[in-house]
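Student: The following block contains the structure, expressed as structure tokens.
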Amino acid sequence: MASIAGSSALSFARPVKAINTNSLAFSPVRKGNTFLHLQPVPMRSVSCAAKKDTVDKVCEIVKKQLALPDHTEVCGESKFSELGADSLDTVEIVMGLEEHFDISVEESSAQTIATVEDAADLIDKLVAGKA
Amino acid sequence: MAAAAAAPTRAEVLALFRSLLRTAKQFSDYNIREYTRRRGADAFRENRALADAQAAAAAFAEGKKHLEVAKRQALVYSLYAPKAKSVMELKVQ
């Protein structure tokens with residue numbers, strides 16, 4: 001198992017590799033990652049990437065809620081706490097997202113949201129489940 | 001009087017906040033909806049740094065009371081909802 005851990009460190013630096021099944025240690029579900037290694041992504045490859053529109057919309061709502069100036073860099077990886085949001089802000093952001101996307105977020109799921117990417121993933125999942 | 005009520009946990013407080021916001025969404029009147037959200041957020045933010053366990057428990061109980069009031073009022077207001085929407089809710093043409 002040590003060799004797998006070792007190769008996962010390598011795949012971070014060079015995601016365009018054949019061995020990318022270990023590129024994400026924390027995601028047990030593998031959905032169609034056989035074609036992922038063909039894309040030369042500059043940052044680490046994400047197995048269940050949220051849609052770009054969703055991430056953009058989440059960023060927009062976050063910026064509005066936290067009253068951040070327009071030029072602030074908010075990307076998928078931004079953590080809410082880094083952007084200056086406390087847990088109350090996070091609750092408000094999640095409510096805003098619920099309202100905009102017309103979904104209902106579970107109590108337990110809402111507590112685990114820490115980054116913009118998490119929120120976008122959850123939204124996509126709920127929207128897909130609803131459709 | 002129950003002595004030394006335990007301070008609410010972080011999760012409980014957030015759950016109360018979430019319930020309050022959800023209840024606020026149910027109001028058909030724009031003004032009341034916005035007020036409930038704003039006042040709720042302000043109150044929670046104001047009390048966020050309460051160190052004293054008893055004060056925190058008191059604030060939590062207060063919050064729960066307000067939640068009950070809001071739920072009842074949401075029901076009552078929905079019975080007499082106005083037909084016209086507030087101008088703030090009209091989509092920008």
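The values are calculated or read from the model by the stated rules, or taken from the named source; none is laboratory data. If you're wondering where the values come from, they're calculated on a predicted model, not measured in any experiment. Counting neighbours? That spans all protein chains shown, and the Cβs are built from the backbone with ideal geometry, glycine included.
Student: Check region A:95-117 and report whether any residue there is part of a loop (DSSP other than H, G, I, E, B) and within 15 Å of the chain's Cα centre (by Cα). Steps first, answer last, please.
Tutor: At the first step, the residues of region A:95-117 found to be part of a loop (DSSP other than H, G, I, E, B) are A:102-106, A:113-114.
Right, trim to within 15 Å of the chain's Cα centre (by Cα) and you get A:113-114.
There is at least one residue in region A:95-117 that is part of a loop (DSSP other than H, G, I, E, B) and within 15 Å of the chain's Cα centre (by Cα).
Student: Here are some residues: B:61, B:55. Which one is in a helix (DSSP H, G or I), within 21 Å of residue A:87 (Cα to Cα), at pLDDT below 90 and more than 14 Å from every other protein chain (Cβ to nearest Cβ)? Can you show your working first?
Tutor: Details: B:61 fails: at pLDDT below 90.
It is B:55.
Student: Related question: May I ask you to verify whether residue B:16 is within 26 Å of residue A:86 (Cβ to Cβ), within 14 Å of another protein chain (Cβ to nearest Cβ) and touching a residue at least 24 places away in the same chain (Cβ under 8 Å)?
Tutor: Numbers: within 26 Å of residue A:86 (Cβ to Cβ): yes; within 14 Å of another protein chain (Cβ to nearest Cβ): yes; touching a residue at least 24 places away in the same chain (Cβ under 8 Å): yes.
Yes: the conditions hold for residue B:16.
Student: Ok, one more. I'd like to know if region A:76-90 contains one or more residues that are closer than 17 Å to residue B:13 by Cβ, without any contact (Cβ under 8 Å) to a residue 40 or more places away in the chain and of a type in the set (Val, Ile, Thr).
Tutor: Yes; the residues of region A:76-90 include at least one that is closer than 17 Å to residue B:13 by Cβ, without any contact (Cβ under 8 Å) to a residue 40 or more places away in the chain and of a type in the set (Val, Ile, Thr).
Student: May I ask you to verify whether residue B:20 is touching a Ser or Thr at 6+ places or on another chain (Cβ under 8 Å) and either closer than 16 Å to residue A:89 by Cα or at pLDDT 90 or above (or both)?
Tutor: On the way: touching a Ser or Thr at 6+ places or on another chain (Cβ under 8 Å): yes; either closer than 16 Å to residue A:89 by Cα or at pLDDT 90 or above (or both): yes.
When the stated conditions are applied, residue B:20 passes them.
Student: Let me ask another. Looking only at region B:19-38, count how many residues are within 13 Å of chain A (Cβ to nearest Cβ) and part of a helix (DSSP H, G or I).
Tutor: Selection size over region B:19-38: 12.
Student: Name the residue that is nearest to the other protein chains (Cβ to nearest Cβ), counting only residues in region A:102-116 that are buried (at least 20 other Cβ atoms within 10 Å of the Cβ) and not small (Gly, Ala, Ser). Walk me through it before giving the result.
Tutor: So in region A:102-116, the residues buried (at least 20 other Cβ atoms within 10 Å of the Cβ) come out as A:110, A:113, A:116.
Then keep just the ones that are not small (Gly, Ala, Ser); that gives A:113, A:116.
On the way: A:113: 12, A:116: 19 Å.
Once the filter is applied, the top-ranked residue is A:113.
Student: Hey, does region A:56-74 have a residue that's within 14 Å of chain B (Cβ to nearest Cβ) and among the acidic types (Asp, Glu)?
Tutor: Looking for residues that are within 14 Å of chain B (Cβ to nearest Cβ) and among the acidic types (Asp, Glu), one finds none in region A:56-74, hence no.
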